[in-house]
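To keep things clear, I will list the structure first and then write my remarks on it.
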Amino acid sequence: MINYTEKIPNNVDLGRDRVLQRALEHWQPAYLSWWYDMGPNESHDFEVYLRTATSVEPDGWAQFDYVKMPEYRWGIFLQPRDEKRQVNFGIHKGQPAWQDVPGEYRSILRRIIVTQGDTEPASVEQQKMLGLSCPSLYDLRNIFQVNVEEGRHLWAMVYLLHRYFGRDGREEAESLLARRSGDTDNPRILGAFNEPTPDWLAFYMFTFFTDRDGKFQLCALAESGFDPLARTCRFMLTEEAHHMFVGESGVSRIIQRTCEVMKENKIDAPADVRSLGVIDLQTIQRYLNFHYSVTLDLYGSDVSSNAANYYTSGLKGRFRETKLEDDHTLRDAMYPVSEVVGNKINTKQVPALTALNERLRDDYIEEIQAGVNRWQRVIDEAGIAFRLTLPHKGFHREIGNFTGHFISTTGEILTEEQWKAHEFEWLPSPKDYSYVQSLMSGRVAELGKFANWIAPPVKGVNGQALDFQYVRFN
Ligand SMILES: [Fe+2]
Ligand SMILES: [Fe+2]
């Protein structure tokens, strides 16, 4: 008899739910073999200083200790239930929140959960090789932390599938382990999760931009009238904050190091900067342009009847839905969206219900802009005249109203030929990638040491020193 609290920490009374136990007993070995296959390369014997959530109490969700990742205790946690919670938007507004799947929404809800769930293992797959070229033990530990938590997020979605969707749910849970990021025959569901994450600059950009899309999607689902989904997503958000921290501070430390070298040596031409083994700010800008534009596509079409349906049905809310002051049904509200007319970008008002993807994207952009401003401060404080900017919303887009148009980073509509002539001023070129990767040819593993291209962080993990042994290699 398995001790479920020990093996799978949970607050869903797993020890007493036989059906769920059977489903998970079947799924767990498949999950582990996925982890051995697609989890961080050559890492299975490492002992990593990781935090594990063992309960949702403030003192239980961040327990730090050395763990071998295949032995990580992937737990199932939901934010505690609020008995008075209601459906807070859409046509069911005011009804008690659903504790079971409403029959008429079963397939949409399953689709929403599968789409979210699919992103979790995808990012682990994308980041699989990066441990081999980490800039320090501190960073190595951080990427592994992100990876095991994405694994836990997959568990969280699989719990919902197993617990609430019967046989279809079990089949979907298996498919989540069968798709592979970037695979031609069986790729992950969403585009950005099939792009490679080839180096650490890409990794930090990904965790800043794409994990933040994760945050906004989770926030919208945390408003769901389907209470178990809402409560699961609430708890996932506590972990997502750390992923975004890793990304924001990682990019910031790279910028800081570049600025230090530029200042010390009184140089600013990218070739000179590169000759000293750090990443030029122009390349950082191009990575930013790439990750931003690819992530914007994750929000879906600007005008979407699916998004309207999810909202009207009470399944997926807006960012901070319950804090917004309006009717929460959006009966008469309008919202601006962009469209390309001839060679101009116009704004038009559409029913707000249909523009919910665009609205969530705009909420996201606001937060992203604040983060980019913080990066800019590092450059300003070094006294270097360089501006990091977010490209125009229409730049390099493949989903929504900008699809098929060739839009510059400043929002001009170009011909394909004109755009192509500038492509590698705006997006990383193969040469940029190979330069960045040339800096990351091996693992920096000495205690307290950091690769030349990145500054050390301000402080260590959980109060530990920077020269702490964050990973034991065995
Ligand atoms: Fe996640
Ligand atoms: Fe994440």
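The values are calculated or read from the model by the stated rules, or taken from the named source; none is laboratory data. Everything quoted here is computed from the prediction, not taken from an experiment. Every residue, glycine among them, receives a Cβ derived from its backbone with ideal geometry; neighbour counts consider all protein chains shown. Side chains included, ligands, DNA and RNA excluded: accessible areas come from the protein's heavy atoms. Shrake-Rupley method; radii C 1.70, N 1.55, O 1.52, S 1.80 Å.
How about the stretch 402-413: which of its residues are open to solvent by 50 Å² or more (accessible area, probe 1.4 Å) and either on the phi < 0 side of the Ramachandran plot or in contact (Cβ under 8 Å) with a residue 24 or more places away in the chain (or both)?
Quick first cut of the stretch 402-413, residues open to solvent by 50 Å² or more (accessible area, probe 1.4 Å) only: 403-406, 410, 412.
Across the stretch 402-413, the qualifying residues are THR403, HIS405, PHE406, THR410, GLU412.
Go through the stretch 24-83 and report how many residues are under 15 Å from LEU154 (Cα atoms), assigned to a loop (DSSP other than H, G, I, E, B) and open to solvent by less than 20 Å² (accessible area, probe 1.4 Å).
7
Could you check how many residues of the stretch 116-139 are within 16 Å of ligand 2 (Cβ to nearest atom) and open to solvent by 10 Å² or more (accessible area, probe 1.4 Å)?
The total comes to 5.
List every residue pair whose Cβ atoms sit under 6 Å apart, with the two residues 6 or more apart in sequence or on different chains, where the first one lies in the stretch 189-217 and is away from ligand 1 (no atom under 14 Å from the Cβ) and the second, anywhere, is assigned to a loop (DSSP other than H, G, I, E, B) and among the small types (Gly, Ala, Ser).
Listed by first residue and then by second, the contacts come to ASN194/SER181; ASN194/GLY182.
What are the residues in the stretch 244-255 that are surrounded by fewer than 21 Cβ atoms within 10 Å (Cβ to Cβ) and polar (S, T, N, Q), if any?
SER249
Picking from THR322, THR329, THR238, which residue would you name as being in contact (Cβ under 8 Å) with a residue 40 or more places away in the chain, surrounded by fewer than 19 Cβ atoms within 10 Å (Cβ to Cβ) and within 16 Å of ligand 1 (Cβ to nearest atom)? Talk me through it step by step, then tell me what you get.
Values: THR322 fails: within 16 Å of ligand 1 (Cβ to nearest atom); THR329 fails: within 16 Å of ligand 1 (Cβ to nearest atom).
One residue alone meets the criteria, THR238.
Can you run down the residue pairs with Cβ atoms below 6 Å, 6 or more apart or on separate chains, where the first is in the stretch 339-356 and under 16 Å from ILE399 (Cβ atoms) and the partner is in a helix (DSSP H, G or I)?
From residues that are under 16 Å from ILE399 (Cβ atoms), the pairs are THR354/ALA308; LEU356/ALA307; LEU356/TYR311.
Determine whether the stretch 105-115 contains at least one residue that is within 16 Å of ligand 1 (Cβ to nearest atom), open to solvent by less than 10 Å² (accessible area, probe 1.4 Å) and closer than 25 Å to LEU353 by Cα. Outline the logic, then answer.
Going through the stretch 105-115, the residues within 16 Å of ligand 1 (Cβ to nearest atom) turn out to be 112-115.
If we keep only those that are open to solvent by less than 10 Å² (accessible area, probe 1.4 Å) as well, we get 113-114.
From what's left, closer than 25 Å to LEU353 by Cα: 113-114.
Looking through the stretch 105-115, at least one residue is within 16 Å of ligand 1 (Cβ to nearest atom), open to solvent by less than 10 Å² (accessible area, probe 1.4 Å) and closer than 25 Å to LEU353 by Cα.
Between a residue in the stretch 105-124 that is within 25 Å of THR197 (Cα to Cα) and any residue that is open to solvent by less than 40 Å² (accessible area, probe 1.4 Å) and among the hydroxyl-bearing types (Ser, Thr, Tyr), which pairs come within a Cβ distance under 7 Å, given they are 6 or more apart or on different chains?
ALA122/SER181
Please state which of the following conditions ILE379 fails to meet, knowing it meets all the rest: (1) open to solvent by less than 20 Å² (accessible area, probe 1.4 Å); (2) assigned to a loop (DSSP other than H, G, I, E, B); (3) not acidic (Asp, Glu).
(2)
With the requirement that a residue be within 25 Å of ASN11 (Cβ to Cβ) and modelled with pLDDT under 95, what does the stretch 28-50 give you?
GLN28, PRO29
Hey, LYS266 hits all of (1) within 16 Å of ligand 2 (Cβ to nearest atom); (2) open to solvent by 10 Å² or more (accessible area, probe 1.4 Å) but one; which does it fall short on?
Going through (1) within 16 Å of ligand 2 (Cβ to nearest atom); (2) open to solvent by 10 Å² or more (accessible area, probe 1.4 Å) one by one, LYS266 breaks only (1).
Scan the stretch 353-376 for residues that are open to solvent by less than 10 Å² (accessible area, probe 1.4 Å) and either more than 30 Å from THR415 (Cα to Cα) or of a type in the set (D, E, K, R) (or both) and report the count.
Initial filter on the stretch 353-376 (open to solvent by less than 10 Å² (accessible area, probe 1.4 Å)): 355, 358, 361, 364, 368, 371-372, 375-376.
When the remaining residues are screened for being either more than 30 Å from THR415 (Cα to Cα) or of a type in the set (D, E, K, R) (or both), the result is 358, 361, 371, 375-376.
So the answer is 5.
Does PRO187 meet the test of being at pLDDT below 95 and either surrounded by fewer than 21 Cβ atoms within 10 Å (Cβ to Cβ) or not in a helix (DSSP H, G or I) (or both)? Quick ask: steps written out before the conclusion?
On the way: at pLDDT below 95: no; either surrounded by fewer than 21 Cβ atoms within 10 Å (Cβ to Cβ) or not in a helix (DSSP H, G or I) (or both): yes.
No.
Do the conditions hold for GLY182, that is, is it over 19 Å from TYR433 (Cβ atoms), free of Cβ contacts under 8 Å to residues at least 60 places away in the same chain and away from ligand 2 (no atom under 16 Å from the Cβ)?
It is false that GLY182 is over 19 Å from TYR433 (Cβ atoms), free of Cβ contacts under 8 Å to residues at least 60 places away in the same chain and away from ligand 2 (no atom under 16 Å from the Cβ).
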